[in-house]
Amino acid sequence: MKAKIHRPIEGTIKTVTVSMTPSGRYFASVLTEVEGDNPPSNTDGNVIGIDLGLKDFAIVNDGVKTSKFANPKHLAKHERNLKRKQRKLDRKEKGSKSRDNARKLVARVHERVSNVRQDYLHKLSRKLVDENQVIVVESLNTLGMVRNHKLAASISDVGWGMFVNFLSYKLEFEGKVLVEIDRWFPSSKLCSNCHYQVKEMPLEVREWTCPSCGTHHDRDGNASANIRAEGIRILSVSGTGTAADGGEVRPKLGRKSKLRHSPAKSEAHAVLKVSDG
Ligand SMILES: [Zn+2]
């Protein structure tokens, strides 16, 4: 089978899984085994806390400043194109060849949206992993949220779970550390200055003033600062302190060999693309 290979394959190939997308393109996902140690995990370096939002995709606090990364509204941008192609599809006669072609065009738009989203998540996670040693996020029960929440469509769109997955394996490959804090940690309700906790913090409140110390907070900036502080606290309790709290660093031993599997489809695309048709 002819294939377009975009980058050399490292290690010993264990399995190759070929799949066809709904638009009729073929992809191969390659599982390889790489000999050698993982770099020992080390928490000595920059620590950031990330609050994952809806208005902005990610709000990052590095202990000094807060940076916001806009949420690209992929589906909204491609919606008109999708609607147009969907209408064409609806007009085609059932079981006809032209209906099948129209269906493939609709599937292509869905695939393009998903590729654009993954590309964005790969670039942002790569940047954050390159610049930091420890990344703290709230563990998300994304599936539960998607099922129950009226914001379900935009939650699925922004791809939080995929983002945390990308962060996780990129960090691990470099001996860096992902800290996931309990999702019930009240990151939005705590004052990051004096730790006073307010009872309610409705979603529409974007800024607030702490009734105890008078600090004026940007909602997301405050939450990401709290997430960062909680991550540092967890590391110090578990005996793996960080440079940020002056703690001691105890690197863990790496494994002897490891399996590297493309964690999501786009990775497979990047590695090996089997020619269309
Ligand atoms: Zn306060």
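The values are calculated or read from the model by the stated rules, or taken from the named source; none is laboratory data. Just so it is clear, the structure is predicted and the values come from calculations on it, not from any experiment. Because the Cβ atoms are built from the backbone with ideal geometry, glycine has one as well, and the counts that use them run over all protein chains shown. To get the accessible areas, we keep the full protein, side chains included, count just its heavy atoms, and leave off ligands, DNA and RNA. Shrake-Rupley method; radii C 1.70, N 1.55, O 1.52, S 1.80 Å.
Being in contact (Cβ under 8 Å) with a residue 24 or more places away in the chain, surrounded by fewer than 19 Cβ atoms within 10 Å (Cβ to Cβ) and within 30 Å of E35 (Cβ to Cβ), is that true of even one residue in region 199-217?
No, that holds for no residue.
Is it true that some residue in region 45-59 is over 20 Å from the mean Cα position of the chain (by Cα), modelled with pLDDT of 90 or more and not β-branched (V, I, T)? Even if it seems obvious, please write down each step before you answer.
Of all residues in region 45-59, those over 20 Å from the mean Cα position of the chain (by Cα) come to 45.
Next cut, modelled with pLDDT of 90 or more only: 45.
Filter once more, keeping what is not β-branched (V, I, T): 45.
Checked region 45-59: at least one residue is over 20 Å from the mean Cα position of the chain (by Cα), modelled with pLDDT of 90 or more and not β-branched (V, I, T).
What are the pairs with Cβ atoms under 6 angstrom where one residue, in region 183-196, is within 13 Å of A225 (Cβ to Cβ) and the other, located anywhere, is near the ligand (Cβ under 8 Å from one of its atoms)? Sequence gap at least six, or different chains.
C191/C210; N193/C213; N193/T215; C194/S212; C194/C213
Tally the residues that are of a type in the set (D, E), in a helix (DSSP H, G or I), at pLDDT 90 or above and open to solvent by 60 Å² or more (accessible area, probe 1.4 Å), restricting the search to region 84-125.
Looking only at that region, the number is 1.
What number of residues within region 171-193 are open to solvent by less than 50 Å² (accessible area, probe 1.4 Å) and either over 25 Å from the mean Cα position of the chain (by Cα) or small (G, A, S) (or both)?
Here the count works out to 5.
Quick one: count up the residues across region 17-38 that are farther than 29 Å from K176 by Cβ and open to solvent by 60 Å² or more (accessible area, probe 1.4 Å).
Final tally of qualifying residues: 4.
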